[in-house]
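The values are calculated or read from the model by the stated rules, or taken from the named source; none is laboratory data. These numbers come from a predicted model, not from an experiment. Quick reminder, even Gly has a Cβ in these numbers, built from the backbone with ideal geometry, and neighbours come from all protein chains shown.
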Amino acid sequence: MFSTHAPYRRLAAMGLISSVLALFGCDQQKVDEAMKKAGEGARSVWNAVKPDSELFKGIVVGQSGEDDVRRQAGRPEIVWEEDNGARRLEYPRGPEGATTWMVTIGADGKVGAIEQVLTAENFARVHAGMSRDDIRRLLGKPTKVEAFALKKEEVWGYRWWESSQDKAFFNVHFDAAGKVTHTSRSDDPSKMQGG
């Protein structure tokens, strides 16, 4: 019974957010006040659509803690535990977004780094033999996953800003054992549709 109401609650939360944005525009303080009153569901939806420029607003590397990040950016998609006691919080902005943010929380509990990981430099680090887990830790959640049964291949696609004007897909190809075989590039479908 609860599952049938979930889409309606999500739509209601999105309607509330639209109303808040229409009333207050870009006045972040008023938006934040309205969101506090709206509840957790509305905050979760707002964090999913919040512009990247607002996602970590007020978070200071070396001073802010994990609780500060979660208050500002919401719950991460996944938390990676590192061997050195650090934690990496993953914030993918897909499926339509073209950024994924990783926030490193040091063993001291403070933010050590905030980085956007869908970059040419990170893509260059992908090499044959890496596992799915290696790629997920490096690039985050893929925008799309496609399976090709005849080729016995799975392809993870990451939408990213190839230039300041154009989005594209960086694709990671895995064999049946889950190891990277190669990478490729493809146009963003919106470009092919004239968008």
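Could you tell me which residue of region 156-177 is surrounded by the fewest Cβ atoms within 10 Å (Cβ to Cβ), considering only residues that are touching a residue at least 24 places away in the same chain (Cβ under 8 Å), among the hydrophobic types (A, V, I, L, M, F, W, C) and over 16 Å from His127 (Cβ atoms)? Only one residue tops the list, namely Ala176. Here Val180 passes the criteria (1) farther than 23 Å from Asp52 by Cβ; (2) of a type outside the set (Ser, Thr, Tyr); (3) surrounded by fewer than 18 Cβ atoms within 10 Å (Cβ to Cβ) except the one numbered (3). Has region 102-116 got at least one residue that is in the same structural domain as Asp83 (by TED's automatic domain parsing), free of Cβ contacts under 8 Å to residues at least 60 places away in the same chain, crowded, with 19+ Cβ neighbours inside 10 Å and touching a Ser or Thr at 6+ places or on another chain (Cβ under 6 Å)? Within region 102-116, one or more residues are in the same structural domain as Asp83 (by TED's automatic domain parsing), free of Cβ contacts under 8 Å to residues at least 60 places away in the same chain, crowded, with 19+ Cβ neighbours inside 10 Å and touching a Ser or Thr at 6+ places or on another chain (Cβ under 6 Å).
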